[in-house]
Amino acid sequence: MRWTLRLFLYPFSVIFCLIARIRNLFYDKGIFKSISYPIPLISVGNITVGGTGKTPMTEYLIRYLIPHYRCALLSRGYGRKTKGPLEATTDSTSLTVGDEPLQLKLKFPELKVIVAEKRVSGMDILLNNSTPPEIVILDDAFQHRAINPGLSILVTDYFRPLYNDFCLPAGNLREPLTGLKRANIVIVNKCPSNLSSDQAKKIKEKMGIKPPVKIFFSSIVYLKPKPLTELGQPLPANQSQWPEKPSIIAISGIGNPKPFLSETNNFGKIIKTITYPDHHDFTNRDLKNLFLALNQADSNTIILTTEKDAVRLKQKPLNALLQSKIWYIPIKLTILFNQEDLFLKTIDSYVKGN
């Protein structure tokens, strides 16, 4: 049935690809205007619909750069209910600035975060600030070509190979694979930590990655669960005690929940799984159902969720039981094959040269 639907939609994918190619050609030829800026601009994006791990990559860059430079994040603020350019603060909500920008603002309070549908207007705000940033990271900006980044990082998902995919709507590609040539760095993310060099070589060959484009392989590391009440606090030791051998209600509203659910099995026995669409805004009915599920379970049951979902949940009117029972799993990105130094040298070389 799935392949029948894909075959039916394939002609529309051909049209979609053609339109995307023409649009890119117009930018390449200067028919559509793309603005460059006199400071380092690092774009982090993808070529597919759904989660590829852009946010962990963005966090990785911010964590590395922010001790040395005034950094800013410019994002569309996907999922927010507001319009126009806005600055995120630690008191913002996911409905005003989006869950991912808020997540990063909570982790890095000193980070200047601007959300804007039109990235150019967001750049105007940043550069006209009394203390303008020295580096701007453009979130999910690979297809937003009105701004010309100096360094473009494209993040792909190991479990959803680009070379096996199609353009929308038959597949998940936002544009044809020829768009890979615009990237300076391609990150194959969410790889198994034991990925072999032979497997990595085959992936590189199938993707057709050639110099000067650099390719790196990365994995997502799941850290020790933290209680929702500690969200926005530094990552080290929990003040709350993780229950011994808990029963787990696993909930997620992210693009690809499979890795999260797989990891959740390591922390206890999953008795119920609830998945929502990406960027899901939890309703009062959702919270009521979670409360009922807890009441029907034993006292050693907890709710375990993703960090992105935790950002949205913390701002909801949770009763005392839910407040005390919701935990989340922080994550971080790690570069494989001992190539972290090479990756960071690539970042340093660009930043210091611009």
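The values are calculated or read from the model by the stated rules, or taken from the named source; none is laboratory data. Every value quoted in this text rests on a predicted model; they were computed, and no experiment measured them. Glycine also receives a Cβ, built like all others from the backbone with ideal geometry; neighbour counts cover every protein chain displayed. Note: accessible area is taken over every heavy atom of the protein model, side chains too, but ligands, DNA and RNA are not part of it. Shrake-Rupley method; radii C 1.70, N 1.55, O 1.52, S 1.80 Å.
Observations
- A simple rule links phi to the HN-Hα coupling: the Karplus curve 6.51 cos²θ - 1.76 cosθ + 1.60 with θ = phi - 60°, which for region 121-128 gives 5, x, 5, 4, 5, 5, 6, 8 Hz, with x for Gly and Pro.
- Cys residues of the chain counted as unpaired, since no other Cys beta-carbon is under 4.7 Å: Cys71, Cys191
- Placing a label point 7 Å from the Cα of Ser34 along the Cα-to-Cβ direction, the residues of region 52-90 whose backbone N falls under 19 Å from that point are 74-76.
- Centre separation in Å (Cα based) which lies between region 238-266 and region 137-186: 30 Å
- Heavy-atom SASA rank of Trp327, Trp242 (probe 1.4 Å, accessible area, largest first): Trp242, Trp327
- The mean sequence separation of alpha-carbon pairs under 8 Å and at least six residues apart, normalised by the residue count of region 271-354, gives a relative contact order of 28 percent.
- The GluC sites (Glu not before Pro) of region 171-257 that DSSP puts in a loop, and whose beta carbon has at most 13 other beta carbons within 10 Å, are Glu244.
- Exposure rank, largest accessible area first [Met207, Met123; 1.4 Å]: Met207, Met123
- In terms of overall dimensions, region 94-202 has a Cα radius of gyration and Dmax of 17.0, 51 angstrom.
- Distance (nanometres) between label positions extended 7 Å along Cα→Cβ at Asp281 and Leu7: 4.1 nm
- Region 1-101 - Rg over Rh from alpha carbon coordinates, Kirkwood radius: 1.05
- The Kirkwood radius of region 290-354, taken over pairs of alpha-carbon atoms, gives through the Stokes-Einstein law at 25 °C and 0.890 mPa s a diffusion coefficient of 160 µm² s⁻¹.
- Considering only alpha-carbon pairs that sit under 8 angstrom and 6 or more positions apart, the relative contact order computed for the chain is 20 percent.
- Once C-alpha pairs closer than 8 Å and six or more residues apart are averaged by separation and normalised to the residue number of region 113-263, the relative contact order reads 16 percent.
- With DNA, RNA and ligands ignored, accessible area of Asp157 (1.4 Å probe; Å², nearest 10): 10 Å²
- Computed on the Cα atoms alone, the convex hull of region 187-325 gives a volume of 148 cubic angstrom per residue.
- Whole-percent carbon and sulfur share, accessible surface of the chain, 1.4 Å: 55 percent
- Sparsely packed trypsin sites (Lys or Arg not before Pro) within region 24-65, loop by DSSP, other Cβ within 10 Å at most 10: Lys29
- Inter-label distance for Lys258 and Gln143, nm, one decimal - labels placed 7 Å from Cα along Cα-to-Cβ: 2.2 nm
- Restricting the chymotrypsin sites (Phe, Trp or Tyr not before Pro) of region 32-91 to loop positions (DSSP other than H, G, I, E, B) with no more than 16 neighbouring Cβ atoms within 10 Å leaves Phe32, Tyr69, Tyr78.
- Rounded to the nearest 10 square angstrom, Cys167 shows an accessible area of 10 square angstrom against a 1.4 Å probe.
- In order along region 58-74, phi translates into HN-Hα couplings of 4, 4, 4, 5, 4, 4, 6, 8, 5, x, 10, 9, 6, 10, 9, 10, 10 Hz, rounded to whole numbers, per the Karplus curve 6.51 cos²θ - 1.76 cosθ + 1.60 with θ = phi - 60° and x for Gly and Pro.
- Kirkwood Rh in Å, taken over all unlike Cα pairs in region 243-354: 15.9 Å
- Phi to ³J(HN,Hα) by Karplus 6.51 cos²θ - 1.76 cosθ + 1.60 over region 337-347, Hz, x for Gly, Pro: 6, 6, 10, 4, 4, 5, 4, 5, 5, 5, 5
- Cubic angstrom per residue, convex hull over Cα atoms of region 55-102: 77 Å³
- Nitroxide proxy distance, nm - points 7 Å out along Cα→Cβ at Asn295 and Ile209: 5.1 nm
- Between Lys81 and Arg21, residue separation times 0.36 nm minus the direct Cα-Cα distance comes to 18.5 nm.
- Theoretical ellipticity at 222 nm over the chain - DSSP helices of four or more residues, -39500 (n - 2.57) apiece, nearest 500: -10000 deg cm²/dmol
- At a probe radius of 1.4 angstrom, the accessible area of the chain per residue rounds to 49 square angstrom.
- Computed E for Ser130/Tyr69 - FRET, C-beta separation, R0 25 angstrom, nearest 0.05: 0.90
- Under 18 Å from the Glu230 label point (7 Å along Cα→beta-carbon), backbone N, region 99-134: 106-108
- C-alpha long axis of helix 2-28 to longest principal axis of the chain, angle in °: 50 degrees
- Overall form of region 151-266 per C-alpha gyration tensor (a/c, 1.5; a/b vs b/c): prolate
- Zone residues, region 142-167, relative to Val120, backbone N less than 12 Å from point 7 Å out along Cα-to-Cβ: 145-148
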